[in-house]
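To start, the structure under review is shown below, and the notes come after it.
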Amino acid sequence: MPEQTATTGREDSYRLLAACYYSPNQALFEENCCTSLAGLLSDMAPDAAASAAEAAELLHKIRLDELLVEHARLFMGPFKLVAPPYGSVWLDQHKSVMGDSTAKVAAFYHANGLHLADDFHELPDHFAVELEFMSYLAFRQREAAAAGVPREADRLRDLQREFLGTFLLPWFEPFTDAIIDDAEAPFYQALARCTAAFIRADARSLNAAAHA
């Protein structure tokens, strides 16, 4: 697969995965996000593609109001959460939101030219926000490669590897495992299996590229 095509696939995969972890709306159903994911991942991560296809099938069998209830129970509360979607809950000593790691990820965004909008109401270390940041870096890598600046494209690829290793890899498995172990949310179980398989495959690919 040509490098630019692969980068576009990674960019879109991270973006679509991020959309699936925000509070669901009708667009999730109408835009066939999971079906698109299955197609994008078929070459990059076949296991992830199979889980995305499963998630797409499950999405056809559930109503939006039911999905909203599942999403709230897993990620929002008001009761004890099955899978808190904030890195600080999994990484920091006090296991609470807005911990030290939250400030560190926000500083990483800032250092790379991104600021969360004033009207954006999620924390910097929300799982979906971190996935979106990976999509943004892949987008910039693709632009640099298209502009004929390979050194910048390599720098941005290495930046993705650094971000994954520092901020996502340390907590994505316990987070996705918590969802997978929850038998009451089959759509999100399939989504979590897709996410975990894709991130593992992408981390391997980025590491291999760095040492090529």
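Laid out as a table, the results:
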item: Euclidean distance between Cα centres, the stretch 2-79 to the stretch 127-197, Å; result: 13
item: Fluctuation leader among 51, 135, 36 - the chain, Gaussian network, Cα springs under 10 angstrom; result: 36
item: Lysines whose Cα lies under 17 Å from that of residue 104, excluding same-chain neighbours fewer than 8 positions away; result: 95
item: Exposure proxy ranking, count of Cβ atoms within 10 Å, fewest first, for 76, 44, 134; result: 76, 44, 134
item: Given charges at beta-carbon only (K, R positive; D, E negative), |dipole| of the chain in Debye; result: 400
item: Theoretical gain in end-to-end length, residue 103 to residue 178 [0.36 nm per residue, Cα-Cα removed]; result: 24.6 nm
item: For the chain: rounded, prolate or oblate by the Cα gyration tensor [a/c cutoff 1.5]; result: oblate
item: nm² value of the averaged projected area, convex hull over the Cα atoms of the stretch 71-133; result: 4.6
item: Whole-number D in µm²/s for the stretch 1-84 (Stokes-Einstein; Kirkwood sum over Cα pairs; 10 °C, 1.306 mPa s); result: 115
item: Mean separation of Cα contacts under 8 Å (6+ apart) over length of the chain, as relative contact order %; result: 27
item: Options 113, 139, 156, ranked by Cα towards positive dipole end of the stretch 3-210, top entry (Cβ charges); result: 156
item: Peptides 63-69, 169-175 ordered by average Cβ neighbours within 10 Å, highest first; result: 169-175, 63-69
item: Eligible lysines near residue 61 by straight Cα distance, threshold 27 Å, same-chain separation 8 or greater; result: 80
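Read-outs throughout are calculated quantities, based only on the coordinates presented, and are distinct from any laboratory measurement. Predicted model only: the values in this text are computed from it and were never measured. For neighbour counting, all protein chains shown are included, and Cβ atoms are generated from backbone atoms with ideal geometry for every residue, glycine included.
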